[in-house]
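The values are calculated or read from the model by the stated rules, or taken from the named source; none is laboratory data. For clarity, every value in this text was computed on a predicted model and none was experimentally measured. Glycine also receives a Cβ, built like all others from the backbone with ideal geometry; neighbour counts cover every protein chain displayed. To get the accessible areas, we keep the full protein, side chains included, count just its heavy atoms, and leave off ligands, DNA and RNA. Shrake-Rupley method; radii C 1.70, N 1.55, O 1.52, S 1.80 Å.
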Amino acid sequence: MSDLYAEVILPLPLHDAFTYKVPGHLESDIAEGKRVVVQFGQKKLYSALVTALSRKKPENIDVKKIHEVLDEQPVVLSENIKLWRWIAKYYCCTLGDVFKAALPGGLKLESKSKVFAVDDGTEAELTEKEQMLLQQIGSENSTVDELQRKLRNDFSYPVLKSLFKKNCIQIEEKINARYKAKTETFVKLHPEIENKKILNNKLNDLQRAKKQQALLLHFCKKINAFEKDVLLSVSKKELLDGTGFTPAVLKELAKKKLVIQFQKQVSRIEEETENSQVSINLLNKHQEKALTEIQASFEKKQVTLIHGITASGKTEIYIHLIDEILKSGKQALYLVPEIALTTQIVRRLKNVFGKKVGIYHSKLSSQERVEIWDKVLQFQTKPENGYQVILGARSAIFMPFSKLGLVIVDEEHENSFKQFDPAPRYNARDMAVILGLQNNAKVLLGSATPSFETYYNAINGKYGLVNLKKRHTNVELPETLVADVKRAYKRKQMHSVLSPELYELMQGAAEKNEQSILFQNRRGYSPFVECFTCGWIPKCKNCDVSLTYHKYKKRLTCHYCGYSQQMPDSCDNCGSNEIKTRGFGTEKIEDELKPLFPNASLARMDLDTARSKTALEKIIQNLESRKTDILIGTQMVTKGLDFEHVSVVGILNADNLLNFPDFRAHERAFQLILQVSGRAGRKNNRGKVVIQTSQPEHPLLNLIISQDYTSVFKAQMEERKLFRYPPFFRLIKIVVKHKNQQTVDRAAIQLKQFLGRNNKLILLGPEYPLVSRIQLWYQKEIWIKFDKSLHLDNTKDFIIDCVSRTKHLPDNSNCIINIDVDPM
Ligand code: ADP
Ligand code: ZN
Ligand code: ZN
């Protein structure tokens, strides 16, 4: 028979797939979707993924051989690779880029991944080779690359992989300082107790310490010490819980060298899985009707949009749909914009579907992510052990589903479905639609404020459309009023940042023991500080932005690159020590409100206070239990929170939403304000919303007050048609970056000249974006608009070609040029 060849992709930004020869002895092991070890470039070994096998001899004569096959079973399915190819083509990136985004770190074994030991391996029964590698790895963070260089022939990918499987090492793309592997205390017998005889003697020695004797006996039973299959250890919790033995007794046993207590890494996943299945809520009649309509729509259309107002109970409808899909033996994917903000949904799904649900997001360790990945894979062969439902953020579209029947994209308008950096710059909502098409699964997009692109598709019949216009408890949508802060400032009626209207409503709420939520889209204390004498404003040394003052830390911080410095005592420019804070961030608002509401308990929800998942959960819990009276927050408070007793919502400054220079500004402002408003009066009485602005006559505000989605949509469609923006035209953004400003200027103009050869393209720019330099890199943007009738693939090929020509011009080789298809 002729030789077998494998096409593989490497986790590198390379455009091609590469062909390797499969040596005879590996032919029976190799398969599409398995990882292999190959040599690439000088002498370096990489872990690569097999995407195709063929007996056709490649044209290239100099084909290298595959070194080893890493997996017994494929880790990726051919359906996955189909989506990857689609994404690479559509978003003008490489298959390697998609591979990197798709697989969890622990499966990629990338050369730049950090490896460190988390276990000494005494319990894991390691082979000699494994022990040796583990010792070499140690607790320092070395990269796979460094290990390879250091150990040369002693380095082995299969051994690295098995150490990972045995939980002895962690492999992370980035070391996340906030992330800590979860450990638990375990108890094992002291190594000096080598046999049963010694053990029996020791037990007898404890005659006079009855409690200790009893506990040791209890421990021995737990680990089956008197039987054949002895367990090595048992968790302290399992050992002591419900027994009446105290940790002090255990400590005595440890002192007497009878047992050893030690820390062991455990998974976080299992503990969350409770088995208490709660029955599904009955739908109200409006929801029932919407559900029937969705099902009917699914008969005719692949994709359906549910446009349901806030608190109409969309989640309940999703749960019913998932339940049905599960009963038919298929899998469901439930996408949410930010998993951290959905503790409420997580709880609800776990309650209803128990162990069938996996939660997939970036705050998990690489081990945990691989664990979830494996369980989704397992569904194909052992459905009872595998995950049938995945709730996840955008990267969950890459999960290895084998029987996908339904994809739900909740809050489909949210821009966190879009990945900005690095490539692939994909939109998970749009890729969910492709995923549905490729797997013949139904796709449901849901929102109270659908993106205008989606709504356009729905009213044009491309997607089905279902409306749900009643809140679950029939409360009306909140009453919204506009407060003119300019006038109130002039008349000296402001209570700090609160207009008299908002202030009064909040006082009223406080008296009735109800809660208020205030929205301000800036965190920190003040967005900038300024010298009162000369007007000097401290700026970031790496970026073209002013530094934000954080009072709690007494530091000035850059929100783009993280640079921070001490708050200066005096002006760098004139020496004056009158440095004033300017503008209001959430931190300052909290400060200002304290004296206004002395009896209220205030809380803040922004990136600074909700860094960790537990901190965020605490904030949400305090609102649920009504410990918090007033919550001040950034965008985070707009996202799907469901509290019963919030009666007042304030948007402190709508001006910067309305005036943002972007063709989607009005759409965004409308969505944002409607979403925050939707947090008010969800269950009992009608809520109140105050929008503070200095432009009360702004035409958009009237439409917001009347919550008139279709009017805003129509007005915007007129504009977008006129100015040739999506959904009428396609949009591609190109960003040229370099540390030297002249180079950026020159390369951007050169690129524009190349692009200009196609007179069907409308080119805007090159222009500096709002922030023209980030982390020392200058950037300029070119926006390309073109008619939908233009051949998409050819146009993209042309653009890619122009980019590559620009890069090959003299002195441009260090330019970074990013292509962003469908930018947000
Ligand atoms: P949406 O996502 O549309 O804003 P939610 O799904 O969060 O709305 O529902 C709002 C609130 O109403 C939630 O607390 C939810 O539990 C409750 N709810 C909605 N529908 C039902 C139902 N059929 N039975 C019981 N509670 C419901
Ligand atoms: Zn000054
Ligand atoms: Zn910066």
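Of note:
- Within region 793-805, being open to solvent by less than 50 Å² (accessible area, probe 1.4 Å) and at pLDDT 95 or above holds for Thr795, Lys796, Ile799, Cys802, Val803.
- Residue match in region 606-621 (condition: within 16 Å of ligand 1 (Cβ to nearest atom) and part of a helix (DSSP H, G or I)): yes
- Among strands (runs of 3 or more DSSP E) entirely within region 728-824, having at least 1 residues that are closer than 30 Å to Tyr455 by Cβ and touching a Gly at 6+ places or on another chain (Cβ under 9 Å) singles out 729-738, 762-767, 777-787.
- Test: residue in region 560-573 that is within 16 Å of ligand 2 (Cβ to nearest atom), under 35 Å from the mean Cα position of the chain (by Cα) and under 30 Å from Asp629 (Cα atoms): no
- Single residue of region 591-610 satisfying the filter (open to solvent by 20 Å² or more (accessible area, probe 1.4 Å) and closer than 18 Å to Leu556 by Cα) that is farthest from ligand 2 (Cβ to nearest atom): Thr609
- Meets criteria (surrounded by 21 or more Cβ atoms within 10 Å (Cβ to Cβ), assigned to a loop (DSSP other than H, G, I, E, B) and modelled with pLDDT under 90) for Arg679: yes
- Qualifying positions in region 12-33 - part of a loop (DSSP other than H, G, I, E, B), modelled with pLDDT of 90 or more and open to solvent by 20 Å² or more (accessible area, probe 1.4 Å): Glu27, Ser28, Asp29, Ala31, Glu32
- Of all residues in region 454-471, those that are farther than 18 Å from Ile408 by Cβ and in contact (Cβ under 8 Å) with a residue 60 or more places away in the chain have Cβ atoms under 9 Å from Cβ atoms of residues that are open to solvent by less than 20 Å² (accessible area, probe 1.4 Å) and of a type in the set (Ser, Thr, Tyr), 6 or more apart or on another chain, in Lys469/Ser312; Lys470/Ser312; Arg471/Thr310; Arg471/Ser312.
- Against the test of being free of Cβ contacts under 8 Å to residues at least 12 places away in the same chain and within 16 Å of ligand 2 (Cβ to nearest atom), the options Lys539, Lys492 yield a single qualifying residue, Lys539.
- Test: residue in region 565-584 that is within 14 Å of ligand 3 (Cβ to nearest atom) and surrounded by 13 or more Cβ atoms within 10 Å (Cβ to Cβ): yes
- For the condition farther than 24 Å from Leu770 by Cα, more than 16 Å from ligand 1 (Cβ to nearest atom), among the basic types (Lys, Arg) and open to solvent by 40 Å² or more (accessible area, probe 1.4 Å), Lys541 does not qualify.
- Filtering region 385-421 to residues that are more than 15 Å from Lys330 (Cβ to Cβ) and more than 20 Å from the chain's Cα centre (by Cα) leaves only Asn385.
- Pairs where the first residue, in region 321-339, is among the basic types (Lys, Arg) and the second is surrounded by fewer than 24 Cβ atoms within 10 Å (Cβ to Cβ) and in a loop (DSSP other than H, G, I, E, B), C-beta under 6 Å, 6+ apart: Lys330/Lys403
- Scanning region 479-494 for residues that are outside any loop (DSSP other than H, G, I, E, B) and open to solvent by 60 Å² or more (accessible area, probe 1.4 Å) returns Glu479, Lys486, Arg487, Tyr489, Lys490.
- Sole residue being without any contact (Cβ under 8 Å) to a residue 60 or more places away in the chain and outside any helix (DSSP H, G or I), chosen from Leu199, Leu231, Leu215, Leu206: Leu231
- Criterion violated by Ile280 - all others in (1) in a loop (DSSP other than H, G, I, E, B); (2) modelled with pLDDT of 95 or more satisfied: (2)
- In region 316-347, residue farthest from Leu283 (Cα to Cα) [restricted to those that are crowded, with 20+ Cβ neighbours inside 10 Å and hydroxyl-bearing (Ser, Thr, Tyr)]: Thr342
- Out of Lys64, Lys43, Lys112, Lys100, one residue alone is at pLDDT 85 or above and surrounded by fewer than 19 Cβ atoms within 10 Å (Cβ to Cβ). It is Lys64.
- Taken over region 388-400, residues that are of a type outside the set (A, V, I, L, M), open to solvent by less than 10 Å² (accessible area, probe 1.4 Å) and more than 19 Å from Thr343 (Cβ to Cβ) amount to 2.
- Among (1) open to solvent by less than 60 Å² (accessible area, probe 1.4 Å); (2) within 16 Å of ligand 2 (Cβ to nearest atom) - the single one Phe528 does not satisfy: (1)
- In the set (1) within 34 Å of the chain's Cα centre (by Cα); (2) open to solvent by less than 30 Å² (accessible area, probe 1.4 Å); (3) away from ligand 2 (no atom under 16 Å from the Cβ), the condition left unmet by Ala509 is number (1).
- Residues of region 34-57 that are touching a residue at least 24 places away in the same chain (Cβ under 8 Å), part of a loop (DSSP other than H, G, I, E, B) and under 25 Å from Cys92 (Cβ atoms): Phe40 alone.
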